[in-house]
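What follows draws every value from the coordinates through simple rules; no lab data is involved. Because the structure is a prediction, the values reported are computed rather than measured. Please note: Cβ atoms are built from the backbone with ideal geometry, for glycine as well, and neighbour counts cover all protein chains shown.
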Amino acid sequence: MRVFLTGASSGLGEALARLYARQGAALGLFARRESELARIAASLAPATVLTYAGDVREPDDLARAAADFQARFGCPDVVIANAGISRGTLTDEPEDLPAFRAVFETNVLGMVHTFAPFVREMRAGGAGILAGIASVAGFRGLPGSGAYCGSKSAAITYLESLRIELRGSGVAVVTVCPGFIATPLTARNPYRMPFLLTPDAAAAQTARAIARRSRFHVLPWQMALFGRVLRCLPRPLFDRAVAGRARKPRHP
């Protein structure tokens, strides 16, 4: 198996890298932090691992990484767009505008940039899986999280469009919507996080969804049930329910 994975330097991405390495996959790991990629690659020996330091907001970084990976191993069987960032944001704070841009560019355009170098070859080969890591945060908007919720909602819709575009091609598009995972992204959240998963547990569930070529998968199952209720809640009730919710910190 050949797997190309972004956001591989910590959290869910690192856990996925370790899981696929145990399965004997040839890995292409992409992330911003070169030193962390080197640490992970060394810990995965004797697995076959290529590392690529870059920013998913830069399509040229991903194009170069994809070209090198394919030249060495061929077209990947699985591409996982996992890179993501989260920041609390407020529209009436001018200093938050760069954060809005960074979150949307990373969480949405970063996913597009990840898949773009691989789609044509996968389609030509009639096989492959493109998996995007979205979030249950994309189901409804939460106060103080406009950038994160908006970006994950956009990611869900983008992945649905891509899935339908590739229907009948042999290429599957898998949307994964985790709930809360104990990662650096969630460590500073000032609110209760029900059904919190470890990265390893989330990686195992994510990998199973990818292997099944699931169109849409929410994890854990308790959060899937909660998400269905959340999406059906009438707007007046939803507004009242979340208006006083503690907000994600605006500064890293």
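Here are some notes:
- Averaging 1/r over every pair of different alpha carbons in segment 69-173 and inverting the result gives a Kirkwood radius of 14.7 Å.
- Other residues within the sphere of radius under 12 Å centred on the Cβ of PHE104, judged by their own Cβ, net out at +3 (K and R +1, D and E -1).
- Database remark: amide H of ILE85 closer than 5 angstrom to the amide H of ASN107 (H placed geometrically; neighbours at sequence offset of 5 or more, or on other chains; Pro and chain starts carry no H).
- Three semi-axes of the equivalent ellipsoid, the chain, Cα gyration tensor, whole Å, largest first: 30, 20, 18
- Measuring nothing but alpha carbons in segment 149-247 and taking Rh as the Kirkwood radius, the Rg to Rh ratio lands at 1.00.
- Applied to segment 27-43, the Karplus parametrisation 6.51 cos²θ - 1.76 cosθ + 1.60 on θ = phi - 60° returns per-residue 3J(HN,Hα) values of 10, x, 10, 10, 6, 6, 8, 4, 5, 5, 4, 5, 4, 5, 4, 5, 6 Hz, with x for Gly and Pro.
- The chain, helix-only ellipticity at 222 nm - DSSP H runs n ≥ 4, -39,500 (n - 2.57), divided by all residues, nearest 500: -14000 deg cm²/dmol
- With neighbours defined as other Cβ atoms within 10 Å of a residue's Cβ, the residues THR6, THR198 order from fewest to most as THR198, THR6.
- Taking all Cα pairs closer than 8 Å and separated by 6 or more residues, the relative contact order of segment 2-242 comes to 18 percent.
- Applied to segment 62-71, the Karplus parametrisation 6.51 cos²θ - 1.76 cosθ + 1.60 on θ = phi - 60° returns per-residue 3J(HN,Hα) values of 6, 4, 5, 5, 5, 5, 5, 4, 5, 5 Hz, with x for Gly and Pro.
- Built amide H within the under 5 Å cut-off of LEU219, gap 5+: CYS177, GLY179
- Approximate spin-label separation MET193-LEU230, in nm, with each point projected 7 Å along Cα-to-Cβ: 1.3
- Take 209-216, 20-27 and order them by the average number of nearby Cβ atoms within 10 Å per residue, most first; the result is 20-27, 209-216.
- In this structure, the amide hydrogen of VAL174, modeled 1.01 Å from its nitrogen in the peptide plane, lies closer than 5 angstrom to those of LEU130, ALA131, GLY132, counting only residues at least 5 positions away or on a different chain.
- For segment 119-166 versus segment 27-86, the gap between their alpha-carbon centres in whole angstrom: 19
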